[in-house]
Amino acid sequence: MARDTFTSFDGATLSYRVEGDGRPAVMLHGFLANSRFNWIEPGITQAIVDAGFQAIMLDLRGHGHSAAPETAAAYPTDVLACDTEALIKHLVLTDYDLAGYSLGARTAVRAMVRGARPRRCVLGGMGLSGVTAPQQRVAYFRDAIENGEQAKNPQAAKVIHGMIERARLNPTAMLNVLAAQIATPIEALHTIAAPTLVVSGADDNDNGSAEELAAALGNATARRVPGNHLSAVQSPELASAIVAFLGAL
């Protein structure tokens, strides 16, 4: 598996991994994770490669091996979508698929609203409110990161800080990533033409309803797999759902 870097739109150095030689599938991981945690370790990358695709896994800004500056100016509004566009441009991709989980799914939506045109798209761990009103989740994570045991949900804050430690993330960089999030008006969702699979865990409504997001997109199908927001990504059914959708004629 090859790891490489590229220079994004603003000069930041971002890291990505490539596996396989088939049809390109750009893959965007979730908040407080990285390509290894969300794609490689759960076996999703291997399933995609075995199905004849090339997995192109971006470590989002602030995450993994990508640049994680602490200055707020390095995280302008919609920065993750801009980085995704920069990767697509760097690799000269004109015919590709797009997949994201959680924050990666929101980023995929933003990229498509801004003009990205994948053949197909998979939005994992995402619902309607997570796209149209992300401030709710932003406030939840900000409270947990900033206040720890004094947060509104101390148990959730403990889990979140454990994820930050496991992934060796900079809390300041994570707050900057949160500050760069932007809502997508529901009307803008109607401009997305790519056939889309909206897939979430059966017990996952952390970002709202997957079914409502699929309905708002129009050219989309909702599906549930076993698990909650954190565990569904480990479900073999998620990998199977992604492969089946991307491989459909």
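Numerical summary
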read-out: Isotropically averaged projected area of the chain, using the convex hull of Cα atoms (one quarter of hull area), nm²; value: 11.6 nm²
read-out: Pairs of alpha carbons in segment 19-63 whose separation is greater than 18 Å (percent); value: 22 percent
read-out: Long-range amide H partners of GLY201 with built H, under 5 Å; value: GLY125, VAL225
read-out: Local net charge near GLY104, Cβ-Cβ under 15 Å (Lys/Arg +1, Asp/Glu -1); value: -1
read-out: Local electrostatic count, HIS63, Cβ distance below 13 Å [Lys/Arg +1, Asp/Glu -1]; value: +3
read-out: P(r), alpha carbons of segment 1-100 - 10 Å bins starting at zero, rounded %; value: 16, 52, 27, 5, 0
read-out: Percentage relative contact order, segment 140-206, counting C-alpha pairs under 8 Å, at least six apart; value: 20 percent
read-out: Computed over the chain: relative contact order in percent, which uses C-alpha pairs under 8 Å that are six or more apart; value: 21 percent
read-out: Net charge of neighbours whose Cβ lies under 11 Å from the Cβ of LEU14, counting Lys and Arg as +1 and Asp and Glu as -1; value: -3
read-out: Cβ-placed point charges (K, R +1; D, E -1), dipole of the chain about Cα centre in debye, nearest 20; value: 140 debye
read-out: Cα gyration tensor category, rounded, prolate or oblate, for segment 171-215 with a/c compared to 1.5; value: oblate
read-out: Whole-number percent relative contact order across segment 103-187, with pairs defined as alpha carbons under 8 Å at least 6 apart; value: 29 percent
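Every read-out reported here was derived from the displayed coordinates using simple, explicitly stated rules and does not represent laboratory data. Since we're looking at a predicted model, the values are computed, not measured. All Cβ positions, even for glycine, are placed from backbone atoms using ideal geometry, and neighbour counts span all protein chains on display.
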